[in-house]
Amino acid sequence: MTSQHDLHHATDSAPGREWWRSAVIYQIYPRSFADHNGDGLGDLPGITSRLEELQELGIDAIWLSPFMTSPQKDAGYDVADYCDVDPIFGTLADFDQMLQAAHARGIRVIVDLVPNHSSDQHAWFQQALTAAPGSQERKRYIFREGTGENGELPPNNWQSIFGGPAWTRVTEPDGNLGQWYLHLFDSSQPDFDWSNQEVHEEFRRILRFWLDRGVDGFRVDVAHGLVKDQDFPDYTPDPEAASMGGEQTPAPYFEQPGVHQIYRDWREVLEEYDGDRALCGEAWVSSVDAMAQWVRPDEMHQTFNFEYLLAPWEAEELKDIIDRSINAFGAVGAPSTWVLSNHDVVRHATRLSLTEENPQGTGIGPDSPGIPAHQDAVQRAQAATALMLALPGSAYVYQGEELGLDEVHDLPADTRQDPTWFRTEGEKYGRDGCRVPIPWEAEAPAFGFNTTGEAWLPQPQRWTALARDAQRADPQSTLNLYRQLLSLRKQRDLGSGALEWVQDYGPGVLAFRSAGTLVIANISGSPVELPEGAEVLVASAPLEDGRIGADTTVWLEQ
Ligand code: NOJ
């Protein structure tokens, strides 16, 4: 495929058929994808060099986690300059080249925008530190006086999502301890004050900077968090909930109504551009009904369906969340999205088979109970993926899941880098286990991640068997399953289908028709007869004497 893909033509998709409604979007975590310069951290030229494999896989778009200038205290989600590339990832010219090469292959490109907070190394925050309390410079962030007799206590009891207090006290230019600033995440990630119009203007400028370069959209980090309850009331979250949000009664720093006006404004900015540019919100909110508010017709285009991601491998629960998602998003004219893995959660080839509760953000380590055997867990993950890719709407695939990668629970403690690990003093393992550089070639240094053998997190030896080249030749491999599913999904237009449940298969079995395809996911634990006269299009695991085994999903023509 070549430059015949003019992805930015004003008429590239008819209303109701816009690409983002049904796209399969592949998440690249740049530091762990492909490392061209061999320093152990992936980079943009590395991505360019592997686009062929992604085209072959059959995805429609890539979303890149942040590669902008950053001290990397939170793996790039701490941005010091929103309009430049961090030297560890390359240059703006490398970005342009990557974008062009992706477009030439018919792959759209979404970049990550982090508007809730910047890095403490951002010029604005550095200026704020040297400016006086109450100054314009301080008003771009959330600085407050402390409580207690001498302001020695934080302004309220809010805790950082990574652990520890959400406020840090600064030393004023005169050398005395002074005000406190808010950081919902690490102390190196001060929150912007979105009640300040200057912050709005700056982000409109940043959006245009990347739109002008030709990006197809943005994944918006902490999209539910920008606006805070201006009373700053004390609040204690439920320790069992996902650390990123999603409680029944929203925290005073999440899901505040004022946040929606920001996305209405951004939508207008996107609409100044030709083609279908899209906004996808990372909003960890309580339910899909709440989530649907982020994708009303004049707001974002998509939100990640975290309720689906968090659902256990259980038929009734899955059916319930699938129904509720289709209804809630359908009611506002938006597609549902589906996602099972990303860089913040335990990989689904492990998570769906964990026998113990593991709230998001906790992670798993060498001593965690209930870690499943890989082979069984991968079979379940494959069945879950085959179910997900048959659902109408847009789906997200996280790099490495097409190889059946498991969570690396056995990372040595001294290699861990997630701020969660440090801020909870090792009580939570955090997210490093899903961020290990992915294996390309079984016999190459660092499994072909680069040519030097360096890797910022060590790769487990067991991944030799999971390397992409080892899977290519094996028709039964996870890689070939993903390729088959993606190709059939496109061919049959399943992403634009309409789901109709079929009740005939008993408890523990999910069955539905969509786009002329019968899909059966066997979650019941015992084999299920294939319907008479059915032709198997794809099966996530070999059939057992002509029957659909446990933890197996099939797509059928019937
Ligand atoms: C959500 C991102 O996905 C996560 O990786 C990051 O740590 C937080 N937002 C803070 O930016």
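Multiplying the residue separation of residue 473 and residue 268 by 0.36 nm and subtracting their alpha-carbon distance yields 69.0 nm.
Just so you know, the averaged projected area of the alpha carbon convex hull for the range 419-547 sits at 12.3 nm².
Here the 3J(HN,Hα) profile of the range 452-462, calculated from phi with Karplus coefficients 6.51, -1.76 and 1.60 at θ = phi - 60°, is 9, x, 6, 8, 5, 10, x, 8, x, 4, 4 Hz, Gly and Pro shown as x. Judged by the ratio a/c of the largest to the smallest principal axis of the C-alpha gyration tensor, the range 121-251 counts as oblate, that ratio being 1.5 or greater while a/b is no larger than b/c.
The protection proxy used here, the mean number of other Cβ atoms lying within 10 Å of each residue, ranks peptides 288-299, 322-333, 528-539 as follows, highest first: 288-299, 322-333, 528-539. Calculate for the chain the 222 nm mean residue ellipticity that helices alone would give, adding -39,500 (n - 2.57) per DSSP H run of length 4 or more and normalising by residue count, nearest 500 deg cm²/dmol. Value at 222 nm, helices only: -7000 deg cm²/dmol.
Centre-to-centre, using Cα atoms only, the range 352-414 and the range 208-223 are separated by 29 Å.
Between the amide H of residue 278 and those of 217, 218, distances stay under 5 Å, these residues lying 5 or more places away or on another chain, with hydrogens modeled in the peptide plane.
For residue 179, the residues whose modelled amide H falls within less than 5 Å of its own, excluding neighbours fewer than 5 places apart on the same chain, are 170. Taking every pair of alpha-carbon atoms in the chain, what share in percent sits in each 20 Å bin, from 0 to the bin with the longest distance? The calculated distribution, bin by bin, is 21, 57, 20, 1, 0. Taken along the Cα-to-beta-carbon direction at a fixed 7 Å, the label points for residue 451 and residue 149 span 6.7 nm.
With the convex hull of the Cα atoms taken as the outline of the range 243-344, the averaged projected area works out to 7.1 nm². Out of the DSSP beta bridges found with both residues in the chain, what percent are antiparallel (nearest 5)? Among the beta bridges of the chain, antiparallel pairing accounts for roughly 55 percent. Dividing the mean sequence gap of close Cα pairs (under 8 Å, 6+ apart) by how many residues the chain holds gives a relative contact order of 13 percent. Length available on full extension from residue 461 to residue 56: 0.36 nm per residue minus the Cα-Cα distance, which gives 143.2 nm. With the simple spin-label model, which puts each label point 7 Å out from Cα in the Cβ direction, the residue 126 to residue 96 separation comes to 2.6 nm. The amide H of residue 81, built 1.01 Å from its N in the peptide plane, has 69 as neighbours under 5 Å, considering only residues 5 or more places off or on other chains.
Based on the Cβ-Cβ distance of residue 287 and residue 171, what FRET efficiency does E = 1/(1 + (r/R0)^6) give at R0 = 30 Å, to the nearest 0.05? Plugging the Cβ-Cβ distance into 1/(1 + (r/R0)^6) gives 0.10. Residue by residue, the range 318-329 carries 3J(HN,Hα) couplings of 5, 4, 4, 6, 5, 4, 5, 5, 4, 5, 5, 6 Hz when phi is fed to the Karplus relation 6.51 cos²θ - 1.76 cosθ + 1.60 (θ = phi - 60°); x denotes Gly or Pro. Model label sites at residue 13 and residue 558, defined 7 Å from Cα along the beta-carbon direction, differ in position by 3.1 nm. The listed peptides 540-547, 374-381, ordered by packing as a protection proxy, come out as 374-381, 540-547 (highest mean of other Cβ atoms within 10 Å first). Exceedance of the 28 Å cut-off in Cα-Cα distance is limited, within the set 73/428; 73/490; 139/428, to 73/490; 139/428.
Packing around the peptides 84-91, 279-286, 134-141, taken as the average count of other Cβ atoms within 10 Å per residue, puts them in this order, highest first: 279-286, 84-91, 134-141.
Counting 0.36 nm for each residue step from residue 201 to residue 529 and taking away their Cα separation leaves a gain of 112.1 nm. Remark: the range 110-116, residue by residue, has Karplus-estimated 3J(HN,Hα) of 10, 10, 8, 10, 10, x, 6 Hz, where x stands for each Gly or Pro and the curve is 6.51 cos²θ - 1.76 cosθ + 1.60 at θ = phi - 60°.
Please work out the FRET efficiency for the pair residue 323 and residue 357, using the Cβ-Cβ distance as r and a Förster radius of 30 Å; give the result to the nearest 0.05.
It comes to 0.75.
What shape does the range 499-557 have by the C-alpha gyration tensor, where a ≥ b ≥ c are the square roots of the eigenvalues, rounded means a/c under 1.5, and otherwise prolate means a/b greater than b/c and oblate the rest? Oblate shape, in that a/c is at least 1.5 and b/c is the bigger or equal ratio.
In whole Å, what is the distance between the alpha-carbon centres of the range 464-524 and the range 439-462? Going from one Cα centre to the other spans 30 Å.
Considering the range 123-182, its Cα convex hull presents a mean projected area of 4.3 nm².
Where a number appears in this text, it was derived from the coordinates with a stated rule and is not lab data. Computed from a predicted structure; not experimentally measured. Glycine gets a Cβ as well: all are built from the backbone with ideal geometry, and neighbour counts include every protein chain shown.
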